[in-house]
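The values are calculated or read from the model by the stated rules, or taken from the named source; none is laboratory data. Note that the structure is predicted; figures quoted are calculated from it, not measured. Keep in mind that these areas ignore ligands, DNA and RNA; they rest on the heavy atoms of the full protein, side chains included. Shrake-Rupley method; radii C 1.70, N 1.55, O 1.52, S 1.80 Å.
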Amino acid sequence: MKKQLLILTAALCVFSLTACGKKDENISMENSENPAQYTDNDSADNIVTNNQADGDKVVGPNMDGVESHADVSHATWGKIPEGLKEAKNPKYKIGDKVIINAAHDDDMQGSEGTIVGAYETTVYSISYVSTYDEELEENEKWFVREEIQPLGEKKLDVGSKVIIEADREEGMKGAEGVIDTVEETVVYMVDYIDKEGEPVKNYQWLKESELSPAK
């Protein structure tokens, strides 16, 4: 009898252990499935987030994008004044290669450039007092007619006082100046590499007489 009870007890223990093992196995499988499911969902969310982060930047009233902030400077070369007319038959066409013979800036003269715009206008050199540091800028070249306004005078000639509306350099816009020279001609906007190897984009302005064809 005792032997039979021992056999029965042993059998019950084996059955219990087997059942517990299957139950634990089922729980383990369920847990192994759920984390996989959550991981997939998390991965999907991460993919969406990464796509949004790496995709096109959203631009709103207060979101200009990183690139536009990186390009901010005091110079605004390339801004075409309202009313400035393109030249109908300029000597140099857009895309032509030229040599710059002017020395408006350091390391400019002798540089090779590419024409990116040609316009018919009256061009001026002007002496003005900078609104930034009150320094006198003498015989600054060049301003087109569309970038200046007369100061109490309708006709603009040598000696006329003007207000500068161009904003290519700090202290230029809003400065009061006096016209030094006046000339009707074609002016060009030019991209070039200066003598130091630095690229200059949309330089304004160069007169036709200050350029020659690149060989």
Leu151 long-range amide H proximity, modeled H, under 5 Å:
Lys161, Val162, Ile163
Mean-position separation - Cα centroids, region 152-212 and region 109-143, in angstrom:
3
Once phi for every residue in region 205-215 is put through the Karplus expression 6.51 cos²θ - 1.76 cosθ + 1.60 (θ = phi - 60°), the whole-Hz ³J(HN,Hα) values, with Gly and Pro written as x, are 10, 10, 6, 4, 6, 9, 10, 9, x, 6, 7
Determine the share of region 119-196's accessible area contributed by carbon and sulfur atoms, expressed in whole percent, with a 1.4 angstrom probe.
42
Using modelled amide H (1.01 Å from N, peptide plane; none on Pro or chain starts), what sits under 5 Å from the amide H of Val123, excluding residues fewer than 5 places away?
Glu183, Glu184, Thr185
What is region 79-175's relative contact order, in percent, from Cα pairs under 8 angstrom and six or more apart in sequence?
21
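Using the structure shown, list the pairs from Lys155/Lys201; Lys88/Lys141; Lys79/Lys207; Lys155/Lys207; Lys93/Lys161; Lys91/Lys173 with a Cα-Cα distance above 25 Å, or answer none. Walk me through the numbers on the way to the answer.
Working: Lys155/Lys201 33 Å; Lys88/Lys141 23 Å; Lys79/Lys207 17 Å; Lys155/Lys207 22 Å; Lys93/Lys161 34 Å; Lys91/Lys173 31 Å.
Over 25 Å Cα-Cα: Lys155/Lys201; Lys93/Lys161; Lys91/Lys173.
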List every residue whose amide H lies under 5 Å from the amide H of Trp142, counting only residues 5 or more places away in sequence or on a different chain, with H placed 1.01 Å from N in the peptide plane.
Trp205
Let me know the shape class of region 126-215, please: from the alpha-carbon gyration tensor, a ≥ b ≥ c as square roots of the eigenvalues, rounded when a/c is under 1.5, otherwise prolate if a/b is greater than b/c, or oblate.
oblate
